[in-house]
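Please treat every number below as a calculation from the coordinates, not as lab data. All figures in this text were calculated on a predicted structure; none of them were measured in a lab. Every residue, glycine as well, gets a Cβ built from its backbone with ideal geometry; the counts of neighbours run over all protein chains shown.
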Amino acid sequence: MLDIEIDGKQLQVSDGITVMEAANQVGAYVPHFCYHKKLSIAANCRMCLVQVEKAPKPLPACATPVTNGMKVWTHSEQAVKAQKGVMEFLLINHPLDCPICDQGGECQLQDLSVGYGGAQSRYQEEKRVVSNKDLGPLVSTDMTRCINCTRCVRFTTEIAGLMELGQAFRGEHAEIMPFVEKTVDTELSGNIIDLCPVGALTSKPFRFAARAWEMSRRKSVSPHDSLGSNLVVQVKHDTVKRVLPLENEEINECWLSDKDRFSYEALNGAERLTRPMVKQGNSWIETEWSVALEYVANGLKSIVAEHGADSIGALASPHATSEELYLTQSLIRGLGSGNVDFRLRQTDFSLDERLTGAPWLGMSVANIGTLDRVLIIGSFFRKDHPLIAQRVRQAVKKGMKVSAINPAFDDWQLPIANKLVVSPDQMSRRLLGILKALSDQKGVEVSSVFGEALADAVIDDGVLAVAGSLASGRRVAVWLGNFAIQHGNASDIHLLAHEISRVSGARFGFLGEAANSVGGYLAGAVPFGKLKGKNASEMLSTALKAYLLLNVEPELDCASGFAAVETIAKADMVAVFSAFKSKAALDYADVLLPISPFTETAGTFVNCEGRAQSFYPVVKSLGDSRPGWKVIRVLGEMLGLAGFALDSIEEVRKASFGGQSSVDESKLNNTVSREGAFVSSVATQGLQRVADIPIYFCDPVVRRSSSLQATKDASEPVARMNRRSLTQHGVEAGTRVRVSTGRGQAVVLAVEDEGVADGCVRLAGAHLLTAHLGTLNGEVSVERL
Amino acid sequence: MTVQGIILSPDLDDDRTWRIGDYVKRGGYDALKKIIADKMPADQIIGEVKKSALRGRGGAGFPTGLKWSFMPRAFPGAKYLACNSDEGEPGTFKDRDILRYNPHTVIEGMIIAGYAMGCERGYNYIHGEIFEVYERFEEALQEARDAGLLGKNILGSDFSFELYAHHGYGAYICGEETALLESIEGKKGQPRFKPPFPASFGLYGKPTTINNTETFASIPFIIREGGDAFLALGKPNNGGTKLFSVSGHVNRPGNFEIPLGTPFSTLLEMAGGVRGGRKLKAVIPGGSSAPVLPGSVMMDCTMDYDSISKAGSMLGSGAVIVMDESTCMVKALERLSYFYFEESCGQCTPCREGTGWLYRVVHRIENGLGRPDDLDLLNSVTTNIMGRTICALGDAASMPVQSFVKHFGEEFAFHIEHKKCLVPKDVQHEGSKIYVA
C-alpha cells in the first residue's frame, strides 16, 4: 500500500494503480474523454492533466502510476489551466452543433465544456470537416464531431476482439474509420455508441427519436441470451425509445450485445398482436378478452372430457418468464396432463428422469475470469453468448487456455489453444478419447459405466492436447453449448462431459440456450417430476388434441420446424399466447391471445448462473395485450383450478420458486444419476447437418427487429461445407444447391467454409428458408440444382 | 581549420570506401575483435562509454552510457536494439552521410552495443526518403555477415547478433523512438505514452535501447581508443566530435565533423561564411525544433550541448540553419509551422489541434491578415501545447514559434500593422536566389 495525497486528502492506495483510479477512490472527479476503466490506456485526449508535486509539467491522471508520498492536485490552478487549454483545443474543430446532435444532453464534451470551455472561441479559422462513414445498420456517424479519443478503436480491438475501426491519416487529418468498404459487424457494436464521448457515433435506430432528458430510465432484464444482461430501458410517452446497459459488474459489466440493445424495435412493430382474436370459419375476428378466454377454457374442458387430459399439452418459450412458465405447467397439470415443455430445440430427452436438478453453468459468471482452462463442447460460442465470450476473451489475455470441440467453427475472435473440428456423430468418440487420456494423465479411474464404451475412444494428437490442457489446469471448467444440447445424442455428450469434468476436477455446466433455460426447469415446465408427460419432441411427433403455445413460433423455435406446424395444425384447438401475429399462426391457431413482451410485463428470468432477476413493466401494455402471467392466471381461475388465486406477481414468483423467495440453489444441479452402461451411439454414413441458430434468428423479438435484420449476422442461411465435402458431393461453392432430408428440402447457396468438419454441412436453423427440412440435425443430402 | 573526423573523414568517397575492405583498413572492426578476443565484460564497455561522455546525437543529448545501463541485465528472453536513422528533422542530413560513406561503423557500433546490453537482435530504422542509403546498408550488412562479423557466433565466439535494416515511409513522427518501435512492429507510427520506457517495455514489449546513428557510429572509436581519448576530443560533459549539418545562407553547406566546443564562428567559416557577404541574422542551432537564436548571440556560442543550452536553445541533432538579413522571419516561421502541422501524428489533442492553429495564425500574419492580439494568441497556444503532449513533437512545434516571436517580435508586429514584410520583398528575392558556386 502506498500513502498519497489527492487534493489535500490523505489516502492509502494499492501499488500499481493510476492517479485517475486513486482520485476516483476519494471521489475527486478528473475530467476525461479517452480514459475508460475497461479499455487500455491511451492518454491521448489530455483532458485529465493534473498537477503532481515535483513534476515540472501537468501529468495525465489516467496514465500516471501512483508513487509513495505522491501529492496530486486535480483542481489546482496549474491543473485547471492545463485542462482548460485542452478543452479549447478540443472545441476549435468541433462543430458545436449540439442543437441538432443526438448526443446533446448526454455528451461528455458538452458537459465538460460548461466547466472548462470558454464563452467565446479564440479560433476564427475554418473548422475541419470529416466525411461520415458507413458502419452498418446500427451505428450512425457524424465524424466531424469526433475528438479522436479512440475509445471505439480500442473497444473493437480489445473487447470485441477484432480491429474493425482504426485511426487513419495524420495530425489534423486523422480520422476514425473502418477498413475500406467494410462495416463494423461485431455483435457488440452498439457499445461504441455508449463509449463515444461526443456525438460522432450515435444509434441509428434511435436517431432523432427523442432527447435524453425527455425519457424516463427504467430498469429491466434482457429476455434473449442466457446471461440476462441488465438493461436501462428509456421510455417516452409509454413507448420504448432505446435500450442501454445497466452496469452490473457480475453479469454484463458495462456492455450489451447488439441483440439486447436493438431488439426493442420489434416491440412497437407492425406485427404486434394487440387484440384477442378468434378464428371463425376461415376468418379472424377481434374480440374481447372474456370471449377469447372463455373459448379457450371451454375448448380445454371439452377436449379433456372427450379425449382425456393427456390429449392436451403446452409448448412454452425458454424466453418466457418464470411466472409464465410456472403458471403454464400449473394449468396443464391442473387439468391432469404432464405434457409441458420449453426445450423446443432439444431432441434427445433420455436423461430427463436422471437429472438431479436444473442444468446450469455450474459457477458464477463473475468467476469466469478466474478460470485457467476451459473446454467448450458444441457451441457457436461467440454468437450464442456474446458477453460470456467477451469475458473469456479477457481471461485468455491473462493466461486462460481454451479448448473446444465442435463440428463447425466460425471465428471466435479469441485464441483457441486446442480446436477439435469433428462431425456431430464423432463427438462422443473424441470425448471418450479425452476421457481416457485424462484418466491416464491424472491417474483418476473412469467410472465403470463407461468401461466398454472406452473401446470406441479415438485418441489422436488433438484429443491428447485437450486432455493435457485440462489436466494441467488448476481452475478448470467444462461447458456444454447450445449445439451440444440440441445434438441428436445430447445425452451421450452430457454424460461424457460430466465424466470428463469429474476426472479432471473441473466445474461442469451448461452455457444455456435462452434467457430462462434454467428458470424453465425450476418452474417445472418440463414433462417429468410431479406429473409425467410428453416432452416437446413427443408432443410434436403425434398430434395432441389441444395445444397451448406460449410465445412459441413452432416453425422457427422448434427443432422440427414446419413439421411441427403440420402436427399442431391437426389439433382441435390451438391457443397461441403471443406478443406477435405470425403468418403461420394465422393458419394453425384457433385463438390468438396478445400477451405482453418483457417491457410490458413483470416477471423473472433465471440466468445461466442460477441468478433470478425480476423486473417490472417499463411501459403500459400495447393495445389490449396483457401480461402473460395475468392471462394464464385468469384462465386457471376460469377452469376452476386450484392454486391460481394469486393476486400479485410476487406471489406467482414465490410459487414458481417452490415457495421460496428466490432460487433454491440446491435445485441447481448438473449431476446425472448413474444407471446402466454407457453405450455410445452409432456413427452415421452420410452428410450430416450442423445447424447453428444465428444470433438474430433465435427468438420472436429479435426476428422482428428491423435494424438487426439488416446486419450481416442476419443474412440468409447458406450451406457451408469444406472443400473436401464440396468436391465429394459434386457441389461448387457459389452455386445454389438443394439440401434435403426425409421430411423436406431447402434451396440455398453453397459456400466453402474450412471451419466445417469433414462430412458436414453447416446450415442455420430458425429461418423460414430451412424450416421445411423438419429437423436440425441428422443426415441430409446435398445436390446441385 | 580541418579536422580529421572520427566518423566521416574528408577522404571517404561515395563509391568505394564505404565497403568493408576499406573500413577494415581504416581500423574498422578492430574494436569488435578486441572485445571478442579479450572477452571484455559488458560492464567495462558501458564504463568506457560512460567515461567518454558521449551524449545522444539524435537531439536530446542523453548520456549514452547511462542509457545503456538502464537495460535490465537479468531479463530472461529477447532484448532488442534499435538504431534511429529516421532523420526527419528539417535541416538534418548527417545520418544519411554516415550511412552512405561509413555504414560499417554503425554496424560495428550496434554489434558492440548488442554485446554490451545482451541483445541478440537489432534493427536500423532508415528514413524512407533515402532509399539508396537503405539499399547500401543492406549490402553492408551482407558484407558483415559474409565476414562472420554479424549473425550466429560472431568471430567464432558464443556471441550472436543479428541486425536488420528497416525503412520507414517518410513520417517525421517515426523518428520519435516509441513511434519508431510501433512502426517496426508494423503499426501506425504513433508515440507511446511513457512510462513505461523502452528499456523496460520496448519493441514487441521487450526491453529495448534506441540510439541515433551517429551515437552508434561513435562507439567503435571509443572502444578502440578508449573513452578518455573520445572525451579529450571534445570538452568535459560533451565528449567527442559531432557532425553538424550546416544549411541555409552559407557559401558551402554540408556536414562538418568538429570537436564539441568548437566556436560557432569557426563552423561558419568552415561552411564558407554567410552567403553574399550579407549580415548574419539568425541561426537555428539544432534542427528546426530548436529555438532560433539571433546571429549576434550565436557568434558568442561554442558548438556543444551546454553552451547552446545556456544561450536559450538546444544543440539538438546538430542541424545548423543559417539565415541572413534577407530572410523574412515571418515567412520562415510559416514554413516551419506548416511542417509541424503536416507531421503531427494526430494522436493527442494539443498537438493535433494546436499545430494547425499555430500554422493558420502565422500564415494569416504572413498574408497581411494578422490581428493585433495574434502574438499573444501564438504565445498562449504554444504554452497550451508545450508539456501537455504524449511526445516532444508538440514542444518541437511550439519552440520555433515562441523563439521567433521572442527574438523577432518587431517583424511580426510590423507585418500585422503594415500588412507587409519588414524586410523589403526585393531584398528577400535577391537573398533567395539560388546559390551558384
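Summary of values
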quantity	calculated
Built amide H within the under 5 Å cut-off of A:Lys219, gap 5+	A:Val233
Residues A:Met539, A:Met721 arranged by fewest to most Cβ contacts within 10 Å	A:Met539, A:Met721
From phi via Karplus (6.51, -1.76, 1.60), per-residue ³J(HN,Hα) for region B:336-345 in Hz, x at Gly/Pro	5, 5, 4, 4, 6, 4, 6, 9, 4, 6
Average beta carbon contacts from partner chains per residue of B:339-351, 10 Å cutoff	6
Debye intensity ratio in log₁₀ form over the Cα atoms of region A:400-529, taken at each q of 0.19 Å⁻¹	-1.11
More than 19 Å apart - percent of Cα-Cα pairs taken over region A:159-314	69
Gained length - A:Ser541 relative to A:Val180, 0.36 nm times residue gap less alpha-carbon distance	124.9 nm
Counting all C-alpha pairs of region A:79-149, share separated by more than 15 Å (%)	58
Volume per residue of the C-alpha convex hull in region B:183-262, rounded to whole Å³	170
Ratio of the Cα radius of gyration of region B:135-250 to 2.2 N^0.38 Å, where N counts its residues	1.30
FRET efficiency, A:Glu779 to A:Glu125 (Cβ-Cβ, R0 60 Å, nearest 0.05)	0.30
Rh (Kirkwood; distinct C-alpha pairs) - region B:75-180, Å	14.1
Sparse-neighbourhood loop sites, chymotrypsin sites (Phe, Trp or Tyr not before Pro) in region A:517-604 - DSSP loop, at most 13 other Cβ within 10 angstrom	none
log10 of Debye I(q)/I(0), alpha-carbon scatterers only, for the protein assembly as shown at 0.05, 0.07, 0.08 Å⁻¹	-0.47, -0.82, -0.98
Expected-Rg normalisation [2.2 N^0.38 Å, Cα atoms] applied to region B:219-305	1.18
Where only C-alpha atoms are counted, convex hull volume of region A:315-444 per residue in Å³	154
Cα centroid separation, region B:216-256 to region A:169-236 (Å)	58
Residue order, fewest to most beta carbons within 10 Å, for B:Met299, A:Met47	B:Met299, A:Met47
Under 30 Å from B:Lys420, Cα to Cα: lysines that are on another chain or at least 8 residues apart	A:Lys127, B:Lys279, B:Lys281, B:Lys331, B:Lys406, B:Lys433
Given chain B, longest segment not containing exposed loop chymotrypsin sites (Phe, Trp or Tyr not before Pro) (DSSP; at most 15 other Cβ within 10 Å)	B:170-434
Overall form of chain B per C-alpha gyration tensor (a/c, 1.5; a/b vs b/c)	prolate
Sorted by Cβ density within 10 Å, fewest first, the residues A:Asp713, B:Asp86, B:Asp324, B:Asp14	B:Asp14, A:Asp713, B:Asp324, B:Asp86
Average partner coverage of A:120-127, which counts Cβ from other chains inside 10 Å	3
Global geometry of region B:108-149, whether rounded, prolate or oblate, following the gyration tensor of its Cα atoms and the 1.5 cut on a/c	oblate
Volume per residue of the C-alpha convex hull in region B:1-110, rounded to whole Å³	153
Rounded, prolate or oblate (a/c below 1.5 giving rounded, otherwise prolate when a/b exceeds b/c) for region B:357-437 by Cα gyration tensor	oblate
Chain A, relative contact order in percent, only Cα pairs under 8 angstrom and at least six apart counted	13
Mean projection area, nm², convex hull over Cα of region B:217-364	10.2
Contact order relative to length of chain B, as percent, for alpha carbon pairs under 8 angstrom and 6 or more apart	16
Relative contact order (%) - region B:1-152, alpha-carbon pairs under 8 angstrom, separation at least six	29
Within straight-line cross-link reach of A:Lys570, aspartates and glutamates at Cα separation under 14 Å, skipping those fewer than 8 residues along the same chain	A:Asp587, A:Asp590
Cleavage-rule hits (GluC sites (Glu not before Pro)) in region B:283-358: DSSP loop, at most 13 neighbouring Cβ within 10 angstrom	none
